[in-house]
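A short worksheet on the structure shown next.
The values are calculated or read from the model by the stated rules, or taken from the named source; none is laboratory data. All values reported here derive from a predicted model rather than from experimental measurement. Cβ coordinates were reconstructed from backbone atoms using ideal geometry, including for glycine residues, and neighbour counts include every protein chain displayed. Side chains are part of the model used for accessible areas, which takes the heavy atoms of the whole protein and leaves out ligands, DNA and RNA. Shrake-Rupley method; radii C 1.70, N 1.55, O 1.52, S 1.80 Å.
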Amino acid sequence: IDFDLIVENIKDLNSLVGEGTSQIEHTARGARLRRPEPLPLTLYQNGIAVGHGAFRPYQHPATQQCLQDIMDGYFPSELQPLYPDGV
């Protein structure tokens, strides 16, 4: 696993979604600025945790696919059902 590549690609992906910027949220009384909730990825010596999910060892196929997606420069495909409009 190329951790340097993962970290670099995460920085690139974060910049694509406008990390640190606010979005307009329409409300019943008008609109307000809202910052998107971050989705943390924690890298451990022997696995990962995505968001507030459970620890996942590197040997697990879903973990390998998640990291491969990031190393390929894409958001993990496992996030698509949770974020159909994008992360």
How many of the residues in the stretch 17-42 are under 21 Å from residue 82 (Cβ atoms), in a loop (DSSP other than H, G, I, E, B) and hydrophobic (A, V, I, L, M, F, W, C)?
2
Taking the stretch 69-83 and keeping residues outside any loop (DSSP other than H, G, I, E, B), of a type outside the set (A, V, I, L, M) and farther than 14 Å from residue 5 by Cα leaves 77, 78
For the stretch 43-68, what are the residues that are open to solvent by 20 Å² or more (accessible area, probe 1.4 Å), aliphatic (A, V, I, L, M) and not in a loop (DSSP other than H, G, I, E, B)?
43, 50, 62
Which one of these is open to solvent by 90 Å² or more (accessible area, probe 1.4 Å), free of Cβ contacts under 8 Å to residues at least 12 places away in the same chain and of a type in the set (A, V, I, L, M): 24, 1?
24
Counting only residues that are of a type in the set (D, E, K, R), under 16 Å from the mean Cα position of the chain (by Cα) and farther than 20 Å from residue 66 by Cβ, the stretch 1-49 contains a total of 1
